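Engineer: Sharing a structure, written as structure tokens. Questions coming.
The values are calculated or read from the model by the stated rules, or taken from the named source; none is laboratory data. Only a predicted model underlies this, so the values are computations on that prediction, with no experimental measurement involved. Reconstructed Cβ throughout: ideal geometry from the backbone, glycine too, with neighbour counts over all protein chains shown. For the accessible areas, the whole protein counts, side chains as well, though only heavy atoms, and no ligand, DNA or RNA atoms are used. Shrake-Rupley method; radii C 1.70, N 1.55, O 1.52, S 1.80 Å.
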Amino acid sequence: MPLLKDATPHMKESHPLPQALLPWILPSLFAAFNVVLLVVLSGLFFAFPCRWLAQNGEWAFPVITGFLFVITFFSLVSLNFSDPGILHQGSNEQGPMMVHVVWVNHRAFRLQWCQKCCFHRPPRTYHCPWCNICVEDFDHHCKWVNNCIGHRNFRFFMLLVLSLCLYSGAILVTCLIFLVRTTHLPFSMDKAIAIVVAVPATGFLVPLFLLLLIQAMSVSAAERSYEGKCQHLQGYNPFDHGCASNWYLTICAPLGPKYMAKAVWLQRVEMPDWVPVHNPHISVCPPVLSPPTLPGPGSGPAPTSGSLQTREGSPREW
């Protein structure tokens, strides 16, 4: 995430996602099928009920729905080929025997080592088992577009969900108005196509609206979908900057460099940088450290040894 965004806390790893059972070509074909389905249904819609309304002077319907179709198609194609925030594999300077500690809102957290990418994962970075990559600020893997949703394409994902909701609603309203305007006419191909298009539009509208609502709540609370029901320490989310700031950091803030070489670049530095500790007994999922109280302006430097002072003042070994 941008420089203004705090690092993410270490929390218990969720159960690893199952490996994809199908070859990579089938998910790609499924994503391509979704694009073709959008184009085919839109073509039927514009060629029959929307054309009839335009011929009878109702130009507002093709103009509005056409604009929404362009935005939806653009966001869908962009999300298919976008970079979710792929991080390069680690260098020789890093190793699983080193422990990297970052500070987030007066708490110290230990970064996890990715065995497949061979580097310490930056805050809120997750290794997607379907794509076999580490994605910065990972949210989830979207099978509809066969791509991960992360730091660099999350705004395209939100644009796609919003435009699909508006476009499906506009198609449904247009088809209903067309059927009402043509009640005095005999059943025709235009009416049949209007029904065929309105049914899937109605079926997609409800789940898309629920998805949009869930994602909006997650952005407002600075949460991620893959975190599931993991609770932050003491029920407090240290990455929540407030609703307005969360939306700005997620949707409007600059994306920053495309690839990060150091995880510390992804956080706002509130304490000295890395605290490397040599620990030959590092566990795969180490527990969250109890952070010390931040020193004041006149305090001495932060400890850099293999132990940290807890709030009670007793050293805690790694």
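To keep it simple, each residue is scored yes or no on (1) hydrophobic (A, V, I, L, M, F, W, C); (2) part of a helix (DSSP H, G or I); (3) at pLDDT below 90.
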residue: 28; (1), (2), (3): no, yes, yes
residue: 32; (1), (2), (3): yes, yes, no
residue: 44; (1), (2), (3): yes, yes, no
residue: 53; (1), (2), (3): yes, yes, no
residue: 65; (1), (2), (3): no, yes, no
residue: 70; (1), (2), (3): yes, yes, no
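Engineer: Of the residues 269, 275, only one is surrounded by fewer than 16 Cβ atoms within 10 Å (Cβ to Cβ) and either modelled with pLDDT of 90 or more or of a type in the set (A, V, I, L, M) (or both); which?
Structural biologist: Only one candidate passes the filter, namely 269.
Quick grid of which residues meet (1) closer than 30 Å to residue 96 by Cα; (2) out of contact with any strand residue (DSSP E or B) (no Cβ under 7 Å at 6 or more places or on another chain); (3) part of a helix (DSSP H, G or I); (4) not aliphatic (A, V, I, L, M):
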{"residue": "144", "(1), (2), (3), (4)": "no, yes, no, yes"}
{"residue": "155", "(1), (2), (3), (4)": "no, yes, yes, yes"}
{"residue": "163", "(1), (2), (3), (4)": "no, yes, yes, yes"}
{"residue": "198", "(1), (2), (3), (4)": "no, yes, yes, no"}
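Engineer: Further question on the same structure: If residue 206 passes every condition in (1) among the β-branched types (Val, Ile, Thr); (2) open to solvent by less than 50 Å² (accessible area, probe 1.4 Å); (3) within 26 Å of residue 64 (Cα to Cα) but one, which one does it miss?
Structural biologist: Condition (2) is where residue 206 drops out.
Engineer: Still on this structure, please answer the following. Taking the residues in the range 175-196 that are under 16 Å from residue 62 (Cβ atoms) and in contact with an Asp or Glu (Cβ under 9 Å, 6 or more places away or on another chain) as candidates, determine which candidate is least open to solvent (accessible area, probe 1.4 Å).
Structural biologist: This residue is 178.
Engineer: Taking only pairs six or more apart or across chains, which ones have beta-carbon atoms under 7 Å, a first residue in the range 92-103 that is loosely packed, with under 14 Cβ neighbours inside 10 Å, and a second residue that is at pLDDT below 75 and outside any loop (DSSP other than H, G, I, E, B)?
Structural biologist: Here the result reads 97/278, each pair linking the range 92-103 to a residue that is at pLDDT below 75 and outside any loop (DSSP other than H, G, I, E, B).
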